[in-house]
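Here the structure is laid out as structure tokens; the discussion comes afterwards.
The values are calculated or read from the model by the stated rules, or taken from the named source; none is laboratory data. Remember, it's a predicted structure, so these values are computed and weren't measured experimentally. We place every Cβ from the backbone using ideal geometry, glycine too, and count neighbours over all the protein chains shown. When the accessible area is computed, the model is the full protein with side chains, heavy atoms only, and any ligands, DNA or RNA have been set aside. Shrake-Rupley method; radii C 1.70, N 1.55, O 1.52, S 1.80 Å.
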Amino acid sequence: MKREKLPWLANNPFYTKRFAYYVGRKCRAMTIKDVAKELKLDWHTVKVLEKEYMQEQLRRNPVAAPRTIGIDEISLRKGHTYRIVVSDLERGKPIWFGGEDRSEASLDMFYTSLGPKKIRKIELAVMDMWKAFEKSTRKNVPKAAILYDKFHVMRHLGDALDKIRKMEYGRLSGKDRSYIKGQKYTLLSNRENLTLDGRKALKKLLGG
């Protein structure tokens with residue numbers, strides 16, 4: 001037996017490419033479940049047709065070589081089920097979503113899909129302080145600069161300051177604890193934004 005391939009059939013031979021495109025367009029504005037209900041199709045069938053539509057869109061509009069990328073993870077559901085999102089920060093749009101978790105191997109998949117020619121164009125990678133992202137980026141794009149997200153840097157600094165403040169509070173006793181108690185805001189604030197009492201408290205803290 002020989003099966004002839006017809007160019008107008010979708011990968012799922014029960015449907016035409018034109019119908020797959022129609023389903024894919026609907027999925028841009030509706031959920032897969034709603035599209036399946038409206039067209040009286042199985043959920044998995046709609047999912048497959050949507051993927052075919054998206055692959056065709058990628059073929060028609062290939063990802064341009066980014067110079068500055070942002071790397072982050074997104075949680076799919078409660079627990080620890082993650083996927084990685086990579087964005088072109090100059091063009092302001094996501095360019096990759098995938099992986100199986102937020103591991104080094106998962107981010108390697110992005111760089112592999114981008115290809116060596118486009119990888120060489122990357123000059124800067126913005127990310128949080130997750131070691132797996134840094135290791136993958138330094139391995140695949142050794143010449144790119146890495147910039148840590150300000151939010152995560154400040155969070156780590158805040159956590160470290162809180163830890164030291166609690167340690168000092170536990171070490172001191174009696175009136176000496178007044179140097180520490182209730183002064184978290186004073187320590188974290190810009191000196192110019194403090195009231196007169198706040199500046200006095202900060203001077204006392206630094207002098208103590």
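So the values come out like this:
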quantity	calculated
Accessible surface of region 1-114 [probe 1.4 Å, protein heavy atoms]: carbon and sulfur percent	54
Cα coordinate range in region 50-163, projected on the principal axes (Å, largest first)	52, 36, 25
Rounded accessible area per residue of region 26-101, 1.4 Å, Å²	68
Links that overshoot a 23 Å alpha carbon limit, given the list Lys5/Lys51; Lys37/Lys93; Lys2/Lys51; Lys47/Lys135	Lys37/Lys93; Lys2/Lys51; Lys47/Lys135
Cut-off 10 Å between beta-carbons: net charge of the residues surrounding Glu50, Lys and Arg +1, Asp and Glu -1	+4
Local electrostatic count, Ala145, Cβ distance below 13 Å [Lys/Arg +1, Asp/Glu -1]	+1
Span from the region 89-143 Cα centroid across to the region 3-51 one, whole angstrom	31
Taking all pairs of distinct alpha-carbon atoms in region 52-98, Kirkwood radius in angstrom	12.0
Overall Cα dimensions of region 1-102 - principal axes, largest extent first, Å	48, 34, 30
